[in-house]
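Everything below concerns the one structure shown next.
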Amino acid sequence: MTQIPIRLELLAPARTAASGIIAVNFGADAVYIGAPAFGARAAAGNTVPDIGKLVQYAHQYHARVFVALNTILFDNELEEARRLIWQLHETGVDAIIVQDMGILMMDLPPVELHASTQAHNYHPERIQFLDQVGFSRIVLARELALLQIRAIREVTAAELEFFVHGALCVSFSGQCYMSASQGGRSGNRGVCAQPCRKIYDLIDANGNIIEKQKHLLSLKDLDLSGHLADLASAGITSFKIEGRLKDDNYLKNITAFYRKRLDAFLEGFTDFRKASSGRVYFDFDPNPSKTFSRGTGSYFLNGRNPEMVNFDTPKSSGEYVGKVIRSKGKILEAELDTNLNNNDGITYFDGNGRLAGVKINTAKGNTITLASVVNLRAGTPLFRNYDHVCNEMLKQSRTIRKIGLSIRVAINGNTLTLHGEDEDGNRYGSSFGIEWQPAQKPENAREMFVAQLSKPGETPFEVTGITFEWEMPVFIPVSELNRLRRRFLIGFMDHRLANRPKNKIFQRNPAPVYPVTAVSFSENISNHLAAEFYRAHGVVQIEQAAEVTGNYKGKKLMTMKHCLKYQLGYCPREAAHKHSGWIEPIYLVDGNLKFRLGFDCKTCQMELYQQ
């Protein structure tokens with residue numbers, strides 16, 4: 001029996017419906033977008049009608065649209081969330097991404113449900129449970145290593161989705177309460193204030209300063225573009241790009257980059273295929289270093305490494321371009337590794353170790369005129385975080401995506417039939433009554449048919465070949481042939497849409513038993529339906545979510561794989577570790593705010609507690 005190839009999906013973010021259309025055009029097999037409310041990026045919500053327009057566009061390519069409704073819900077929001085899910089289902093969305101288990105207790109439409117990474121999908125037992133209760137896909141925790149992913153694949157039949165690019169949360173997703181504890185802005189409610197990107201001092205129990213004024217919790221960005229084959233072999237079928245708050249140039253560049261990488265991988269395998277249709281014609285060479293990046297790494301995919309953090313800045317410093325030779329006022333001379341352009345933005349670290357930036361007015365060789373006075377020491381490294389030429393190229397890109405379609409023309413008496421077959425094997429034919437005449441110039445008749453039938457009009461088709469079944473070349477007025485072509489292509493698209501791959505329907509299974517019988521506030525149970533869900537699956541002791549009680553005193557605000565002992569060279573599990581001389585516990589301090597750090601060396605995790 002021939003094995004059906006596994007579909008590999010490139011999943012791109014969409015800040016707006018227009019951004020989602022861009023993502024599809026630039027190669028995304030699927031797009032995730034924020035609902036009007038209850039999305040984990042509250043600033044990236046979209047109306048139901050706009051989401052519907054994106055769905056209609058994406059489905060032409062058999063690309064899918066997932067809607068993020070992945071915050072925890074309060075009791076007074078449950079009915080609104082239920083109505084919203086029904087409204088989204090009516091637009092034809094392909095899945096709803098959720099965190100709150102109370103949603104599973106609702107009267108739901110037949111829609112596919114994905115378990116958000118906010119649901120803390122790290123442990124195989126929990127992921128197996130989520131599979132068993134009806135989730136068709138699990139969005140895995142970013143902290144997982146390849147070996148862990150393989151182990152998860154062995155115990156679940158659900159699709160596995162994994163982040164491959166973009167910003168990283170330092171805490172396990174869904175397990176961070178730092179922002180909520182300080183100002184009521186909860187990440188589980190979509191309004192995180194990102195305190196992890198702030199500057200902190202690290203001190204010991206006696207007040208001795210270990211590190212001063214550093215971004216000690218700020219991670220570099222993720223880039224797993226070199227590990228797509230490893231992830232596919234481990235069982236990942238959806239490769240997710242982070243960035244629902246990023247601009248469209250970032251979206252174009254990164255989506256194109258991963259489309260090319262994934263296509264290059266697929267080219268050598270028959271076991272895998274892309275998850276949607278169409279060939280993308282790029283008019284630029286994508287380069288991730290040209291758009292927002294804090295520097296990149298592979299995080300924990302191949303084990304812990306010291307290159308995952310940047311204590312100096314949480315901002316996009318950009319690509320290294322050279323170093324200062326001399327600087328005076330607005331004139332800068334530099335030893336450059338690459339050409340700079342007028343209107344570029346360059347960055348550097350000032351005398352206090354802080355990232356600063358300035359716009360270039362003009363760049364002529366190694367001599368640069370700046371928009372403001374900047375006096376830099378000789379040897380200061382320079383970076384470019386805004387490439388004007390690249391950004392203008394991305395803004396004006398005419399990249400297009402086309403679905404291959406072959407056409408067979410058959411004429412029998414006064415009936416013309418157009419038969420079509422697209423790249424996915426969909427077949428459709430339309431017959432039309434016509435009046436024709438023998439072609440006066442037989443040698444030109446075929447060329448005329450080919451020229452007119454090859455025009456895609458407003459459709460995404462690309463005619464890849466035309467064959468003829470006629471006894472003799474015939475003449476039909478161009479206007480009439482164009483009319484028939486338009487009717488045929490509309491009919492073919494309707495047929496194609498009706499035959500697109502079917503979504504999985506959520507069916508709740510009440511039988512599975514949750515791995516534990518008592519759950520803490522970190523299970524994020526914020527409404528009575530969520531509590532009913534856990535009780536229905538064997539949980540007898542439930543603590544409400546901290547967002548409900550407002551009680552954070554003494555609680556664990558973060559659980560992290562990121563560990564400062566390791567990053568600073570003091571990890572006791574490392575053979576070459578330094579002896580710290582610290583008096584524990586140690587603390588992160590920001591003005592009057594003080595957070596105690598705990599170290600669970602058995603699980604190789606760091607914890608942060610409210611004092």
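For the range 1-117, please list each of the helices (runs of 4 or more DSSP H) lying entirely inside it that holds at least 1 residues being touching a Lys or Arg at 6+ places or on another chain (Cβ under 8 Å). Walk me through how you get there before you give the answer.
Working: elements: 17-25, 48-60, 78-91.
Those helices (runs of 4 or more DSSP H) span 17-25, 48-60.
Taking the range 283-305 only, how many residues are without any contact (Cβ under 8 Å) to a residue 40 or more places away in the chain and part of a loop (DSSP other than H, G, I, E, B)?
Residues in the range 283-305 being without any contact (Cβ under 8 Å) to a residue 40 or more places away in the chain and part of a loop (DSSP other than H, G, I, E, B): 3 in total.
How many residues are among the basic types (K, R) and in contact with a His (Cβ under 9 Å, 6 or more places away or on another chain) if we restrict to the range 393-432? Explain how you work it out, then say what you get.
If we filter the range 393-432 for residues that are among the basic types (K, R), which is where we start, we get 395, 398, 401-402, 408, 427.
If we keep only those that are in contact with a His (Cβ under 9 Å, 6 or more places away or on another chain) too, we end up with 408, 427.
Final tally of qualifying residues: 2.
Got a number for residues in the range 36-54 being free of Cβ contacts under 8 Å to residues at least 40 places away in the same chain and under 17 Å from R244 (Cβ atoms)?
Within the range 36-54, residues that are free of Cβ contacts under 8 Å to residues at least 40 places away in the same chain and under 17 Å from R244 (Cβ atoms) number 4.
Are there any helices (runs of 4 or more DSSP H) wholly within the range 506-611 with 2 or more residues that are closer than 22 Å to L78 by Cα and modelled with pLDDT under 90, and if so which? I'd like the intermediate steps shown before the answer.
Numbers: elements: 528-536, 546-549, 564-567.
So the answer is none; nothing clears 2.
Mind listing just one residue for me: the one in the range 414-427 that is under 17 Å from T464 (Cα atoms) and over 35 Å from the mean Cα position of the chain (by Cα) and, of those, least open to solvent (accessible area, probe 1.4 Å)? Working first, answer last.
So the first thing to find is which residues in the range 414-427 are under 17 Å from T464 (Cα atoms), and the list is 418-427.
Then keep just the ones that are over 35 Å from the mean Cα position of the chain (by Cα); that gives 418-419.
On the way: L418: 2, H419: 62 Å².
My answer is L418.
When the range 278-303 is examined, which residues are found to be closer than 14 Å to R142 by Cβ and among the hydroxyl-bearing types (S, T, Y)?
Across the range 278-303, the qualifying residues are T296, S298, Y299.
Here is a yes/no grid of residues against (1) more than 15 Å from E319 (Cα to Cα); (2) of a type outside the set (D, E); (3) open to solvent by less than 20 Å² (accessible area, probe 1.4 Å); (4) at pLDDT 95 or above:
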position	(1), (2), (3), (4)
N343	yes, yes, no, yes
R354	yes, yes, no, no
T362	yes, yes, no, yes
G365	yes, yes, no, no
L376	yes, yes, no, no
P381	no, yes, no, yes
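Mind checking which residues of the range 316-338 are part of a loop (DSSP other than H, G, I, E, B), surrounded by fewer than 18 Cβ atoms within 10 Å (Cβ to Cβ) and under 31 Å from the mean Cα position of the chain (by Cα)?
The first filter runs over the range 316-338 and keeps only residues part of a loop (DSSP other than H, G, I, E, B), leaving 316-318, 329-330, 337-338.
When the remaining residues are screened for being surrounded by fewer than 18 Cβ atoms within 10 Å (Cβ to Cβ), the result is 329-330, 337-338.
Residue satisfying the conditions is T338 alone.
Can you tell me which residues in the range 178-217 are in contact with a Lys or Arg (Cβ under 7 Å, 6 or more places away or on another chain) and within 29 Å of L69 (Cβ to Cβ)?
Scanning the range 178-217 gives S179, G190, V191, C192, A193.
Among the residues of the range 200-218, are any open to solvent by less than 10 Å² (accessible area, probe 1.4 Å) and closer than 23 Å to P13 by Cα?
Taking every residue of the range 200-218 in turn, at least one turns out to be open to solvent by less than 10 Å² (accessible area, probe 1.4 Å) and closer than 23 Å to P13 by Cα.
Select the strands (runs of 3 or more DSSP E) contained entirely in the range 354-470, then report the ones holding at least 1 residues which are among the hydrophobic types (A, V, I, L, M, F, W, C) and touching a helix residue (DSSP H, G or I) at 6+ places or on another chain (Cβ under 7 Å).
400-412, 415-422, 427-433, 461-469
Being under 23 Å from Q213 (Cα atoms), open to solvent by less than 50 Å² (accessible area, probe 1.4 Å) and small (G, A, S) narrows it down to one of G598, G591, so name that one.
Values: G591 fails: open to solvent by less than 50 Å² (accessible area, probe 1.4 Å).
Exactly one residue qualifies, and that residue is G598.
Considering the range 532-586 alone, what residues qualify as being of a type in the set (G, A, S) and open to solvent by 30 Å² or more (accessible area, probe 1.4 Å)? I'd like the intermediate steps shown before the answer.
First, pick out the residues of the range 532-586 that are of a type in the set (G, A, S): 536, 538, 545-546, 550, 554, 569, 575-576, 580-581.
A536, G538, G550, G554, A575, A576, S580, G581, listed by residue number.
Tell me, which residue of the range 367-423 that is among the polar types (S, T, N, Q) and touching a Gly at 6+ places or on another chain (Cβ under 8 Å) is farthest from D29 (Cα to Cα)?
Step one: list which residues in the range 367-423 are among the polar types (S, T, N, Q), which gives 367, 369, 372, 375, 380, 385, 391, 396-397, 399, 406, 412, 414-415, 417.
So of that shortlist, the ones also touching a Gly at 6+ places or on another chain (Cβ under 8 Å) come out as 375, 385, 406, 414-415, 417.
Details: N375: 48, N385: 29, S406: 22, N414: 42, T415: 39, T417: 33 Å.
Checked the range 367-423; the qualifying residue farthest from D29 (Cα to Cα) is N375.
Filter the range 219-249 for residues that are of a type in the set (S, T, Y) and open to solvent by 10 Å² or more (accessible area, probe 1.4 Å); which is farthest from L301 (Cα to Cα)?
Only one residue tops the list, namely T237.
So which residues in the range 155-194 are of a type outside the set (A, V, I, L, M, F, W, C), touching a residue at least 40 places away in the same chain (Cβ under 8 Å), on the phi < 0 side of the Ramachandran plot and outside any loop (DSSP other than H, G, I, E, B), if there are any at all?
E159, E161, H165, S181, Q182, G187, N188, R189
Conditions first: (1) touching a His at 6+ places or on another chain (Cβ under 9 Å); (2) open to solvent by less than 60 Å² (accessible area, probe 1.4 Å). C390 passes all but one, so which condition is the exception?
Of the numbered conditions (1) touching a His at 6+ places or on another chain (Cβ under 9 Å); (2) open to solvent by less than 60 Å² (accessible area, probe 1.4 Å), the odd one out for C390 is (1).
When you look at A40, is it closer than 22 Å to I505 by Cα, under 21 Å from the mean Cα position of the chain (by Cα) and not charged (D, E, K, R), yes or no? I'd like the intermediate steps shown before the answer.
Details: closer than 22 Å to I505 by Cα: no; under 21 Å from the mean Cα position of the chain (by Cα): yes; not charged (D, E, K, R): yes.
No: the conditions fail for A40.
Tell me, please, whether a residue that is under 23 Å from the mean Cα position of the chain (by Cα) and under 16 Å from S238 (Cβ atoms) can be found in the range 101-111.
Checking the range 101-111: not a single residue is under 23 Å from the mean Cα position of the chain (by Cα) and under 16 Å from S238 (Cβ atoms).
Determine, yes or no, whether I407 is of a type in the set (V, I, T) and under 26 Å from the mean Cα position of the chain (by Cα). Give the steps one after another, and end with the answer.
Details: of a type in the set (V, I, T): yes; under 26 Å from the mean Cα position of the chain (by Cα): no.
No; evaluated as a whole, the condition is false for this residue.
Scan the range 121-135 and tell me whether some residue there is in a helix (DSSP H, G or I), among the hydrophobic types (A, V, I, L, M, F, W, C), more than 22 Å from the chain's Cα centre (by Cα) and closer than 30 Å to K212 by Cα.
Step one: of the range 121-135, the residues in a helix (DSSP H, G or I) are 124-133.
Applying the additional criterion that residues be among the hydrophobic types (A, V, I, L, M, F, W, C) yields 127, 129-130, 133.
Applying the additional criterion that residues be more than 22 Å from the chain's Cα centre (by Cα) yields 129, 133.
Of the ones still in play, those that are also closer than 30 Å to K212 by Cα are none.
Scanning the range 121-135 turns up no residue that is in a helix (DSSP H, G or I), among the hydrophobic types (A, V, I, L, M, F, W, C), more than 22 Å from the chain's Cα centre (by Cα) and closer than 30 Å to K212 by Cα.
Filter the range 23-40 for residues that are crowded, with 22+ Cβ neighbours inside 10 Å and of a type in the set (A, V, I, L, M); which is farthest from Q56 (Cα to Cα)?
A40
Just to be sure before I move on: is E480 farther than 30 Å from F257 by Cβ, part of a loop (DSSP other than H, G, I, E, B) and out of contact with any Asp or Glu (no Cβ under 6 Å at 6 or more places or on another chain) in the structure I sent? Let's see the steps before the verdict.
Details: farther than 30 Å from F257 by Cβ: yes; part of a loop (DSSP other than H, G, I, E, B): no; out of contact with any Asp or Glu (no Cβ under 6 Å at 6 or more places or on another chain): yes.
It is false that E480 is farther than 30 Å from F257 by Cβ, part of a loop (DSSP other than H, G, I, E, B) and out of contact with any Asp or Glu (no Cβ under 6 Å at 6 or more places or on another chain).
Hey, can you tell me all the residues within the range 503-528 that are open to solvent by less than 30 Å² (accessible area, probe 1.4 Å) and either acidic (D, E) or more than 25 Å from L608 (Cβ to Cβ) (or both)?
Pass one, the range 503-528, residues open to solvent by less than 30 Å² (accessible area, probe 1.4 Å): 506, 512, 514, 519, 521, 524-527.
F506, P512, Y514, N527 - these are the residues of the range 503-528 that are open to solvent by less than 30 Å² (accessible area, probe 1.4 Å) and either acidic (D, E) or more than 25 Å from L608 (Cβ to Cβ) (or both).
Does G297 satisfy the criteria of being open to solvent by less than 40 Å² (accessible area, probe 1.4 Å) and on the phi > 0 side of the Ramachandran plot?
It is false that G297 is open to solvent by less than 40 Å² (accessible area, probe 1.4 Å) and on the phi > 0 side of the Ramachandran plot.
Taking the condition farther than 21 Å from F172 by Cβ and not aromatic (F, W, Y), does E90 pass?
Yes, satisfied.
Are there any pairs with C-beta distances below 7 angstrom linking a residue in the range 332-343 that is at positive phi to a residue that is at pLDDT 95 or above, with the two at least 6 apart or on different chains, and if so which?
N343/K359; N343/I360; N343/H388
A43 is checked against (1) at pLDDT below 95; (2) under 19 Å from T237 (Cβ atoms) and fails just one. What number does that condition carry?
Against the list (1) at pLDDT below 95; (2) under 19 Å from T237 (Cβ atoms), A43 comes up short only on (2).
The values are calculated or read from the model by the stated rules, or taken from the named source; none is laboratory data. Note that the structure is predicted; figures quoted are calculated from it, not measured. Note: ideal-geometry Cβ built from the backbone for every residue, glycine included; neighbour counts use all protein chains shown. What goes into the accessible areas is simple: the full protein's heavy atoms, side chains included, and nothing from ligands, DNA or RNA. Shrake-Rupley method; radii C 1.70, N 1.55, O 1.52, S 1.80 Å.
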